[in-house]
Amino acid sequence: MRKIWLSVTLLLIASRAFAQDDLFPFVVPWDVAPAGVADMSVLLHRPAGKFGHVHVGADGHFYVGAQRIRFWGVNMTADACFQHKANAPKVALRLAKAGVNVVRFHHMDAPWANPSLINYAAGGSRQLNTQALDNLDYFFAQLKKVGVYANLNLVVHRLFSSRDGLPAEIDSVTDMKDQHVIGFFYQPMLELQKEYARLLLTHRNPYTGLTYAQDPAVAFVEINNENGLIHGFLGGVTDRIPSVFQTDLQRQWNEWLIAKYGNTQALRQAWGERNEPLGSEMLTNGDYTSGLNGWILEQHAGAQASATQSTSAPPGYTRSVRIEVTRPGTQSWHVQWNQPGLTVEGRRLYTLSFWARANTSRSITVAVAMAHDPWLGLGPWISVPLTTSWQRFEYTFVVSQSDTNARVLFTGMGLQTGTYWITGVSLRPGGTMRVLPEGQTLEAKTVGNVLRSNWGATPEPVQKDWLRFLRDIEERYWTSLYRYLKQDLGVRALVTGTIVGCTTPNLMAPMDLVDTHSYWQHPEFPGGSWDSRNWFIRNIPMVNERGGTLTSLAPKRVLGKPHTLSEYNHPAPNTFTSEGLLIAAAYGLLQDWDAIYFYTYAHRRDDLSARRITGFFDIDQHPTQWISLVAAGAMFLRGDVAPAQKLVAVSLSREQEIETLRGSWAWRLVDGSDVGLRGEMTLKHRVAVATEGQSLPSDALRPDQVNTSGNTLISDTGQLKWDWSVSGKGVITVSSPRSKAVIGFGGGRQFDLGDGVQVEPGNTRQNGFGVITLTVKQGALSPQVTQTTQLLITATGYVQNTNWGWQELGDNRVTVRDNWGTAPTLVEGIPARITLPMPAGAVQVYALDERGARKAKLPVSSDSGGRAVIQIGPQYRTLWYEVVATARRAVTPR
């Protein structure tokens, strides 16, 4: 009862902490486009496609006609793709005036979308929903009219079924992403994907008179969202799909092996099958008859466990070790059982055997590994499936390198409570390493598929060939669909496959562009996928991390290819979310990226006037993200931050990818960081990967030539600075002629942003955290005002819904469960003293309302040199301001 009372008390304290009266309502209207200084539609050309189809120039960037174009976009997800006709023109105009010039149509094919582009009610997934298609056509036409291009996604969340003509077993695959993995190798499903592409892309839009294949306002087509065959294997999908599909994959595997090796004998030889006499026992007390002598129990990060001798034992043994985990840690390795001090020889064969069981069915990991820093494995990391009954396990493998202090290690016990029994542990040189089970031959085409669940025990040569096979089959898929779209359907848009991360840079290099996704502190669901009550995010600011998402994004760029980021967000209810888009825009420009899309504008087409944050990702009613979208969009579209002067580049061959993939996981396959391209270099220079067949530029820096030490990293252009010199108070400054910003914990400090601009943020409810931007819309920042100069200032920070169910779970984890609160959204006003280079008498300043229209005039003072000084703050109950300067005499900067 005491624990319950304490938990309730803490929740009440947390609720009160987020219900202070220093907040005010700020609701972004859905049907009123930004006005005046906040209207960025001047940066778009109308209609979209005015200068012809988007193409890739010789410099590897996007062009329309002879001019380079960058894309600043949002996703429309599911229902939102099919806006009601009465709303479509308003939504389109709102986007254009916010500076959005591309929309990614995402999840159009989902069965849970309402409506869906697929008419699932007709049975199967082979007919389009004519009403949804008409809404899409009309919305697309409205976007095109105001200068917004389209990115059409083909396979995202389509549900295939036996009614599509597929085997009945497809209906047992309830995860759509698992179904889509089958489509990479199963020809009938590939043909269904081609059929859908034909139905959509050759459909003539009655509101434009063009097909989507022909329309120059369709800038991009994406084949398959966040998927790949290697990705599916590493995620265990190919292990669990029905046997009818596994059999087809096995057929292709055997055909691939026959083409490479010809016969079973050659295969066995190539895969390194070996048979060597067993040597002497290397372990002491493997049967635990001498108590626990020679063995060590390790407990880390607060994990608690005990090891005792037990009389529970399998036949032939009398004792075992009983390991009971009573308190888990935060990583699987936080509880370990090992015997160190072993000497092993590199490239020699060893056989490890043991008996084991557990109190419930669960897995542990066993390995021969270093007993010293850096604690690397010296052979495979083998996942061992335990039951409540004793089982004997035996593994024969090759040790990768010699070591005089190796250990036999049982690990993977640190994440849950439980009990394990182990005995009969033996490690001996030699043994028989079989690469093919008895009865499997190439001649009979019976060589089995490699299982992800048995990956650790699979010999290295077999692993590599399996990955090469999957790569080749996946490459066939991408090539087939790319050619179908371009040659058979005549698609003029640029085509990409999926994101690097779910596939490899070398597989995406032949596409027209290379795409990525990233989220800062994505929601986590400890109990089950997308459980609306059991989730959390980590409410921490990215500005305090050394590069955050950028360190994993930038090394995925392929040299000479346009680079896009088609999903990005710092999801709600993160209260530092204002930083996200500004950081992405500024460093995206430093990297010279070509497109950035926020995920997502909305999932909805109804209740557009929610007047509150509606979920993790939707920004249409999120005030601080919407305000940031405008300022960051102007910065990105105009290229206000100069590209880095120097390039750091590395080579990544197809075989290097295979080697890396052996130790990868499904959502992070391989990129430049695996060959030395450290992510922090992104904050100073451009970075890129040269894929197979590409030469490194002669002037490119090597990674070892780049110093990223210290508490401050400044871009080689001098325009961006990321400063961690004050512990827990990271801050980024942007100092370009037309866009300036202070992002992060600037409270109580003064920042000189160049061109006579100084910003001194005040205290805020998040320890001085805030985001302040200055965007020159007209004229220039100069002491000499020779023409009218117009600036947009934004100042954003903390945000919440009214009475949302905020709970703090510890370790920076927060949730609102399914209580997202009510309207209106509440924000804080950010105080700051801003000094401008113009004479005070020439400057007028206005607080803007939610629409971006003037609502109140601010006083303007002067410093000792006569420069204009303005003081913004919560008293004006706004997140943005307009500054207008008219011609006056110059003042001399101090």
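Residue pairs whose Cβ atoms lie under 7 Å apart, sitting 6 or more positions apart in sequence or on different chains, and linking a residue in the range 373-387 that is in the same structural domain as T360 (by the TED database) and farther than 23 Å from G341 by Cβ to a partner that is open to solvent by less than 20 Å² (accessible area, probe 1.4 Å) and modelled with pLDDT under 95, are S383/G456.
Annotation: T773 fulfils all but one of (1) open to solvent by 30 Å² or more (accessible area, probe 1.4 Å); (2) closer than 30 Å to G866 by Cα; (3) not aliphatic (A, V, I, L, M); the unmet one is (1).
Of the set (1) within 35 Å of the chain's Cα centre (by Cα); (2) free of Cβ contacts under 8 Å to residues at least 24 places away in the same chain; (3) part of a strand (DSSP E or B), all apply to N819 but (3). Scanning the range 437-464 for residues that are under 22 Å from I658 (Cα atoms), assigned to a loop (DSSP other than H, G, I, E, B) and at pLDDT below 95 yields T458, P459.
Remark: pairs (first residue in the range 153-177, of a type in the set (D, E); second residue modelled with pLDDT of 95 or more; Cβ separation under 6 Å; 6+ apart in sequence or on different chains) = D164/G124; D164/S125; D164/R126; D164/L192; E169/P242; E169/V244; D171/S161; D171/S162. Would you mention how many residues in the range 619-652 are open to solvent by 10 Å² or more (accessible area, probe 1.4 Å) and either in a loop (DSSP other than H, G, I, E, B) or not aliphatic (A, V, I, L, M) (or both)? Residues in the range 619-652 being open to solvent by 10 Å² or more (accessible area, probe 1.4 Å) and either in a loop (DSSP other than H, G, I, E, B) or not aliphatic (A, V, I, L, M) (or both): 8 in total.
Across the range 111-161, the qualifying residues are those that are basic (K, R) and within 30 Å of D39 (Cβ to Cβ), and the one among them that is most open to solvent (accessible area, probe 1.4 Å) is K145. Among the residues of the range 658-672, which ones are in contact (Cβ under 8 Å) with a residue 60 or more places away in the chain and assigned to a loop (DSSP other than H, G, I, E, B)? If the condition is that a residue be in contact (Cβ under 8 Å) with a residue 60 or more places away in the chain and assigned to a loop (DSSP other than H, G, I, E, B), then R662, S664, A666, W667, L669, V670, D671 are the ones that fit. Restricted to the range 76-124, and to residues there that are free of Cβ contacts under 8 Å to residues at least 24 places away in the same chain and outside any loop (DSSP other than H, G, I, E, B), the residue that is nearest to R604 (Cα to Cα) is A121. The condition of being farther than 22 Å from F576 by Cα, crowded, with 18+ Cβ neighbours inside 10 Å and in the same structural domain as S739 (by the TED database) holds for V785. All of (1) under 27 Å from V883 (Cα atoms); (2) in contact (Cβ under 8 Å) with a residue 40 or more places away in the chain hold for G728 with one exception: (1).
Condition check ((1) among the aromatic types (F, W, Y); (2) open to solvent by less than 70 Å² (accessible area, probe 1.4 Å); (3) closer than 25 Å to L427 by Cα) across all residues:
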| position | (1), (2), (3) |
| --- | --- |
| I258 | no, yes, no |
| Q265 | no, no, no |
| Q299 | no, no, yes |
| S312 | no, yes, yes |
| P328 | no, yes, no |
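Can you confirm whether P510 is assigned to a loop (DSSP other than H, G, I, E, B) and touching a residue at least 12 places away in the same chain (Cβ under 8 Å)? Answer is yes for this residue.
Of all residue pairs spaced 6 or more apart or on separate chains, those with beta-carbon atoms under 6 Å, a first member in the range 870-886 that is under 13 Å from Q790 (Cα atoms) and a second member that is modelled with pLDDT under 95 and buried (at least 22 other Cβ atoms within 10 Å of the Cβ) are A885/V785.
Can you tell me which of G379, G329 is assigned to a loop (DSSP other than H, G, I, E, B), of a type in the set (G, A, S) and within 23 Å of G294 (Cα to Cα)? Matching residue, one of G379, G329: G379.
Annotation note: Cβ proximity below 6 Å between a residue of the range 835-856 that is in a helix (DSSP H, G or I) and a residue that is at pLDDT 95 or above (sequence gap 6+ or interchain) occurs for A840/V860; A840/S862; A840/A868; A842/A885. Of the set (1) assigned to a loop (DSSP other than H, G, I, E, B); (2) touching a Leu at 6+ places or on another chain (Cβ under 9 Å), all apply to S389 but (2).
When you scan the range 305-315, do you find a residue that is at pLDDT 95 or above, under 21 Å from M413 (Cα atoms) and β-branched (V, I, T), even just one? There is at least one residue in the range 305-315 that is at pLDDT 95 or above, under 21 Å from M413 (Cα atoms) and β-branched (V, I, T). Only a single criterion out of (1) out of contact with any Phe, Trp or Tyr (no Cβ under 6 Å at 6 or more places or on another chain); (2) open to solvent by 10 Å² or more (accessible area, probe 1.4 Å) is not satisfied by Y599, namely (1). In the range 275-286, the residues that are on the phi > 0 side of the Ramachandran plot form Cβ pairs under 7 Å with partners that are open to solvent by 60 Å² or more (accessible area, probe 1.4 Å) and not small (G, A, S), at six or more places apart or across chains, as follows: N285/N293. Among the residues of the range 200-222, are any touching a strand residue (DSSP E or B) at 6+ places or on another chain (Cβ under 9 Å), part of a helix (DSSP H, G or I) and farther than 28 Å from G448 by Cα? Taking every residue of the range 200-222 in turn, at least one turns out to be touching a strand residue (DSSP E or B) at 6+ places or on another chain (Cβ under 9 Å), part of a helix (DSSP H, G or I) and farther than 28 Å from G448 by Cα.
Scanning the range 745-760 for residues that are among the polar types (S, T, N, Q) and open to solvent by less than 60 Å² (accessible area, probe 1.4 Å) yields one hit, Q758. When G580, G560 are checked against the criterion of being of a type outside the set (S, T, Y) and in a loop (DSSP other than H, G, I, E, B), G560 stands alone in meeting it. N803 meets the conditions (1) touching a strand residue (DSSP E or B) at 6+ places or on another chain (Cβ under 7 Å); (2) closer than 22 Å to A868 by Cα; (3) polar (S, T, N, Q) in every case but one. The failed one is (2). Number of residues in the range 259-315 that are in a helix (DSSP H, G or I) and not aromatic (F, W, Y) equals 9. A single entry from P167, P188 fulfils the requirement of being modelled with pLDDT of 95 or more, out of contact with any helix residue (DSSP H, G or I) (no Cβ under 6 Å at 6 or more places or on another chain) and either open to solvent by 10 Å² or more (accessible area, probe 1.4 Å) or β-branched (V, I, T) (or both): P188. Candidates are the residues of the range 191-210 that are of a type in the set (S, T, Y) and open to solvent by 50 Å² or more (accessible area, probe 1.4 Å); the one that is nearest to S480 (Cα to Cα) is T202.
The values are calculated or read from the model by the stated rules, or taken from the named source; none is laboratory data. Note that the structure is predicted; figures quoted are calculated from it, not measured. Glycine gets a Cβ as well: all are built from the backbone with ideal geometry, and neighbour counts include every protein chain shown. Protein only, heavy atoms only, side chains kept; ligands, DNA and RNA dropped before computing areas. Shrake-Rupley method; radii C 1.70, N 1.55, O 1.52, S 1.80 Å.
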